[in-house]
Amino acid sequence: MQKIILWGPNTSTQILEYYFKLENSPYEISAYTSDKEYIKENNYNGKPVVDFNNLEKLYPPDEYKIAIFMGYKHLNKIREERYKQAKAKGYKFISYVSKDSLCYTENIGENVFILPNTNIQPFAKIGNNVIIWSDTTIGHHVQIDDNCFLSSPRIAGFSKIGENCFLGTNCMIADHLTIGAFSIIGIGSVVTKNIKKGTVLAVKQTPKLPMTSFELEDILE
């Protein structure tokens, strides 16, 4: 078993741990780590929660690997910063590919998490520090740069997703496109042209009907 330190505890790590147990993963969680100001308890699930600033003193990098599984807050910059800090401390990272995903590429960086029911086609390339949520589809020859968070998008072949992007649920990226770094592609967006660095695309919410569900119930009977 590979002994690891898991960033957390939080809702995201709770989900990740569930998959670890479900799939009998080769990882043994020895402790959790976080920034001192966010540590509410010194113990979680029977394991210590340690100040990240002191982590290497208690859990030396030559004995433990680390997994930084965090959200996309501030354009993934917080996760990027912690990743770089852990690397500076000398830690190596795990990468998790769910057994229930279809992953046909070996071009996967470090601190990458690919959750169940994801489909990654041949010759795709995944950078470092990337989180790929369940039900994502990544086409052939797609390139995902570092520090991205993919929340169940559909990406067609030969496209490139720049660093620190967030792609929302059910958004669609056409083939041979470039999505500029630090862009946010909202839920359900459809992208058919290249977009520049820092672009935000969002779809308006579906308008509500001028009737209540109770009125509609009568019509449907």
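Structure values in brief
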read-out: Single match in ASP100, ASP62 (criterion: surrounded by fewer than 16 Cβ atoms within 10 Å (Cβ to Cβ), among the acidic types (Asp, Glu) and touching a residue at least 40 places away in the same chain (Cβ under 8 Å)); value: ASP100
read-out: Answer residue from region 1-43, given it is polar (S, T, N, Q) and farther than 18 Å from TYR59 by Cβ and is surrounded by the most Cβ atoms within 10 Å (Cβ to Cβ) among those; value: SER25
read-out: From the options GLY46, GLY139, GLY71, residue that is of a type in the set (Gly, Ala, Ser), surrounded by 18 or more Cβ atoms within 10 Å (Cβ to Cβ) and out of contact with any Leu (no Cβ under 6 Å at 6 or more places or on another chain); value: GLY139
read-out: Failed condition for LEU209, given (1) out of contact with any helix residue (DSSP H, G or I) (no Cβ under 8 Å at 6 or more places or on another chain); (2) assigned to a loop (DSSP other than H, G, I, E, B); (3) more than 22 Å from LEU75 (Cα to Cα); value: (1)
read-out: Unique residue being surrounded by 17 or more Cβ atoms within 10 Å (Cβ to Cβ), under 30 Å from LYS84 (Cβ atoms) and under 19 Å from the mean Cα position of the chain (by Cα) when the list is ILE120, ILE195; value: ILE120
read-out: Members of region 130-170 found to be among the hydrophobic types (A, V, I, L, M, F, W, C) and not in a strand (DSSP E or B), listed by number; value: VAL130, TRP133, VAL142, CYS148, ALA156, PHE158, CYS165
read-out: Verdict on SER213 being at pLDDT below 95 and not assigned by TED's automatic domain parsing to the domain that holds LEU75; value: yes
read-out: Residue list for region 30-79, filter: more than 22 Å from VAL97 (Cα to Cα) and among the aliphatic types (A, V, I, L, M); value: ILE39, VAL49, VAL50, LEU55, LEU58, LEU75, ILE78
read-out: Count of residues meeting criterion [over 13 Å from the mean Cα position of the chain (by Cα) and either aliphatic (A, V, I, L, M) or closer than 12 Å to ASP146 by Cβ (or both)] in region 63-73; value: 1
read-out: Single residue of region 74-97 satisfying the filter (hydrophobic (A, V, I, L, M, F, W, C) and either within 18 Å of PHE149 (Cβ to Cβ) or under 18 Å from the mean Cα position of the chain (by Cα) (or both)) that is surrounded by the fewest Cβ atoms within 10 Å (Cβ to Cβ); value: ILE78
read-out: Residue list for region 13-49, restricted to those being touching a residue at least 24 places away in the same chain (Cβ under 8 Å), outside any helix (DSSP H, G or I) and more than 18 Å from MET1 (Cα to Cα); value: THR33, SER34, TYR44, ASN45, VAL49
read-out: Qualifying residue in region 156-166 (condition: crowded, with 22+ Cβ neighbours inside 10 Å, out of contact with any Asp or Glu (no Cβ under 9 Å at 6 or more places or on another chain) and not aromatic (Phe, Trp, Tyr)); value: no
read-out: Pick from region 111-129, criterion outside any strand (DSSP E or B) and touching a helix residue (DSSP H, G or I) at 6+ places or on another chain (Cβ under 9 Å), ranking: nearest to LEU16 (Cα to Cα); value: LEU115
read-out: Matching residues in region 55-102 - criterion: being acidic (Asp, Glu) and outside any loop (DSSP other than H, G, I, E, B); value: GLU56, GLU80, GLU81
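The values are calculated or read from the model by the stated rules, or taken from the named source; none is laboratory data. Nothing here was measured: the structure is a model prediction, and the numbers come from that model. All Cβ positions, even for glycine, are placed from backbone atoms using ideal geometry, and neighbour counts span all protein chains on display.
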